[in-house]
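Laboratory data are not the source of any read-out in this text; all were calculated from the coordinates shown. The shown structure was predicted, so the numbers you read here are calculated from the model rather than taken from an experiment. All Cβ positions, even for glycine, are placed from backbone atoms using ideal geometry, and neighbour counts span all protein chains on display.
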């Protein structure tokens, strides 16, 4: 898939078929995330890959979008490592770049994914469930699978509305 | 360019030839940024495109990386619109996704770009120079041009070091 075409055709995919993505595909998604740029190249991203149905069920209980995590063959919890962070705004931006690379990579691999942020309200419980150190700040959960949805629509403002000035 | 290949081969390009990118290319970069995902689809990104040499010179004065902005045919100041933000962490992540799309789009178009964050220390002065409303929070400046550098190296941690657990 061509890069620009991939950026424009990516959609949030919230329901998946029963087909399970291969380990290599999931690792490719994580690797793509890790190739985001970060300030001082501090690479603050850390990942927990969850396939186990019981742990996924418990994870799902921490968000009102539980059906998405329950119905996904793979969930990737994405953390920012506080011990290497240097600036909250810039590190959170870098994490967003990492998450976008993950979504694009999933799309490029023929998979579908969605960035779940509402679960951040339960960040502490997620950290305990996944037994990560308290230095790990939950950034999002990304669910991954083969898309069951088709014909997803999305819309954006016209680019001219977003440009404040051309100088 | 293939999507995954683009993610892995993108580099921060800090020096540029004299060739000036076309208006359509710059708009494509902004448009690609706008196709990032955002929480509640609030699309908080706003842009000021700077080509004017005198304004670029003044902008360059606000960062220790002045030679990059001085030497780039185009600088895009990227802002987050506080009036549509709903959660600082999630909005800053969305802005990072937008910036990553911009860098990838530049790469896909055969251009080079770099995400400049150090200039955030001068956010107020940048806002005044570009005459944007005080609701606009400076997120980064992205410089764009045809790459003068070749053979840029970059490195990332091995993906296995970044995976805290597979459950």
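Could you please rank A:88, B:158, placing first whichever residue has the fewest other Cβ atoms within 10 Å of its Cβ?
Fewest to most other Cβ atoms nearby, the residues stand as B:158, A:88.
Would you mind giving the mean number of other chain beta-carbons within 10 Å of the Cβ of each residue in A:2-14, as a whole number?
Mean shielding count: 6.
Before rounding to the nearest 500, sum -39500 (n - 2.57) across all DSSP H runs of length at least 4 in the protein assembly as shown and divide by the residue total; then give [θ] at 222 nm in deg cm²/dmol.
Taking each H run of at least 4 residues, the total per residue is -11000 deg cm²/dmol.
What nm distance separates the two modelled labels at residue A:20 and residue B:18, each placed 7 Å from Cα along Cα→Cβ?
6.1
For residue A:20, which inter-copy label distances result when the label point lies 7 Å beyond Cα on the Cα-to-Cβ vector, reported in nm to one decimal and in ascending order?
The projected label point of residue A:20 is separated from its counterparts by 5.8 nm.
Take chain B, connect every pair of alpha-carbon atoms lying under 10 Å apart with a spring to form a Gaussian network, then pick out the residue of B:84, B:26, B:74 with the largest mean-square fluctuation.
B:84
For a bin width of 20 Å, list the pair-distance distribution of the protein assembly as shown built from all Cα-Cα distances, rounded to whole %.
34, 57, 9, 0
Could you tell me, in Å, what Rg and Dmax come out for the Cα atoms of the stretch A:26-100?
13.8, 38
Note down the relative contact order for the stretch B:3-162 as a percent, whole number, built from C-alpha pairs under 8 angstrom at least six residues apart.
36
Got the residue B:155 label distances to the other copies yet, label 7 Å along Cα→Cβ, in nm, shortest first?
4.9
Which peptide among B:2-8, B:49-55 comes first, and what is the full order, when sorted by highest mean count of other Cβ atoms within 10 Å?
Descending packing order for the listed peptides: B:2-8, B:49-55.
If I take the rotation axis that carries chain A onto chain B, which residue of chain A has the nearest beta-carbon, and at how many angstrom?
Residue plus distance in Å, as requested: A:96, 1.
Taking Cα pairs under 8 Å and at least six residues apart, what relative contact order does the stretch A:69-167 come out at, in percent?
41
Could you work out how much longer the chain between residue B:135 and residue B:67 gets when fully extended? Use 0.36 nm per residue separation minus the Cα distance between them, nm to one decimal.
21.6 nm
Just to check, using Stokes-Einstein with a Kirkwood Rh over alpha carbon pairs, what's the diffusion coefficient of the stretch B:100-167 at 20 °C and 1.002 mPa s in µm²/s?
For these conditions, the coefficient is 141 µm²/s.
Could you tell me the distance between the Cα centroids of the stretch B:136-167 and the stretch B:11-65, to the nearest Å?
So the two Cα centres are separated by 17 Å.
Once the mean 1/r over all distinct Cα pairs of the stretch B:3-162 is inverted, what Kirkwood radius in angstroms do you read off?
16.1
From other protein chains only, count the Cβ atoms within 10 Å of every residue's Cβ in A:108-121, then give the mean.
For this peptide, the per-residue mean of nearby foreign Cβ atoms is 2.
With r defined as the distance between the Cβ atoms of residue A:165 and residue A:122 and R0 fixed at 41 Å, what FRET efficiency is calculated, to the nearest 0.05?
0.50
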